[in-house]
Amino acid sequence: MPNIDIAAIGNKVKENVGRVIVGKNDVVELAIIALLCEGHLLIEDVPGIGKTMLAKSIARSLGCTFRRIQCTPDLLPSDITGTYIYNQKTSDFEFRPGPIMAQMVLADEINRATPRTQSALLEAMQEKQVTAEGETKPLPTPFILMATQNPIELEGTFPLPEAQLDRFLLKIKIGYPTIQDDHLILARFRQTDPLDELKPVINAAELLELQSECRKVQVAGDIENYIISLIQATRTHPALQLGASPRAMLALFHAVQALASLRGRQYVIPDDVKYLAPFVLTHRIITKMESHLRGQTAEQALSDVLSSVAVPVEGDVGVVK
């Protein structure tokens, strides 16, 4: 049994973020899963939904260093990684770190940065390091990148390459609030901004412990086989040109461990896999051109995969309640 109650701590973070983000508990839970896996999070939705607010609220809830990068076409890699500045007093060059040298980084409107600048983020996301002026510097731990993008405006944007999309653990959408949520938003933001009053509920050291505990969640052999079968099915689906990679398989494996721990379990069930598969896999698979022209989407193809692969029953996965 774990020494840390991950579900209780997760609820504290949810409640804290919920003071700002109204009626989106499922979205906040997905964001916490990314934190527990030390994975990167891509938030894609229309303007004004609260993408940046969600990222800021999560960052404020953690006692981690936080920096924001506003991505624009004229942003240079050195603006992100940092650069060497000549110090006249010491007659030497000193490294001035960029905003990427933080534990939590928000890349706002990431698809507005040029491919050259996006490549600087790619090294940080995968290797947890940056290279400036030929010198490699490690990033602090934990390191988590949260990125936002707007799928509506295409002018002046640069679509993220598949290699970079594959580095995001989850891709999520927030969606419009309900009528009741709109009333709550008006009431809550009428006089003050709750984000200004948000305080951390855990620190970086505690987050590292939580990440370690999540890796101890039991994944039975039949659940592992189920995950592998899903991944293999994406590679052979007739509508898909690009199936899920081994990195995607590992991402799904660790994500379901985090989900189980957040829900108070020390074992994974098939429903965990089915629930998280769309958030982990959809942005990593690509439909063939002819399938795309017929209107078939990656979401539909993944739905076919989830429907066609046999789900292990409870008695087969070795779960004892």
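Please indicate, with yes or no, whether at least one residue in region 144-161 is under 29 Å from G63 (Cα atoms), free of Cβ contacts under 8 Å to residues at least 60 places away in the same chain, assigned by TED's automatic domain parsing to the domain that holds K24 and surrounded by fewer than 17 Cβ atoms within 10 Å (Cβ to Cβ). Walk me through it before giving the result.
First pass over region 144-161, keeping only residues under 29 Å from G63 (Cα atoms): 144-150.
Checking which are free of Cβ contacts under 8 Å to residues at least 60 places away in the same chain leaves us with none.
Among the residues of region 144-161, not one is under 29 Å from G63 (Cα atoms), free of Cβ contacts under 8 Å to residues at least 60 places away in the same chain, assigned by TED's automatic domain parsing to the domain that holds K24 and surrounded by fewer than 17 Cβ atoms within 10 Å (Cβ to Cβ), which makes the answer no.
Counting only strands (runs of 3 or more DSSP E) wholly contained in region 67-155, the ones carrying 1 or more residues that are under 20 Å from the mean Cα position of the chain (by Cα) and of a type outside the set (D, E) occupy 104-108, 129-132, 144-149. A count restricted to region 244-263 and to residues that are assigned to a loop (DSSP other than H, G, I, E, B) and of a type in the set (K, R) stands at 1. State whether one or more residues within region 300-307 are over 26 Å from R167 (Cβ atoms) and not small (G, A, S). No, because not a single residue in region 300-307 is over 26 Å from R167 (Cβ atoms) and not small (G, A, S).
If you take the residues of region 264-317 that are of a type in the set (F, W, Y) and more than 20 Å from L242 (Cβ to Cβ), which of them is surrounded by the fewest Cβ atoms within 10 Å (Cβ to Cβ)?
Taking region 264-317 as the starting set, the residues that turn out to be of a type in the set (F, W, Y) are 267, 275, 279.
Filter again for more than 20 Å from L242 (Cβ to Cβ), leaving 267, 275.
Numbers: Y267: 18, Y275: 15.
By that ranking, first place goes to Y275.
If I filter region 225-243 for residues that are among the charged types (D, E, K, R) and either within 30 Å of A59 (Cβ to Cβ) or not in a helix (DSSP H, G or I) (or both), do I get at least one hit? Among the residues of region 225-243, not one is among the charged types (D, E, K, R) and either within 30 Å of A59 (Cβ to Cβ) or not in a helix (DSSP H, G or I) (or both), which makes the answer no.
The values are calculated or read from the model by the stated rules, or taken from the named source; none is laboratory data. This structure is a prediction, so every number in the text was calculated from the model and none was measured. Neighbour counts run over all protein chains shown; Cβ positions are idealised from the backbone, glycine included.
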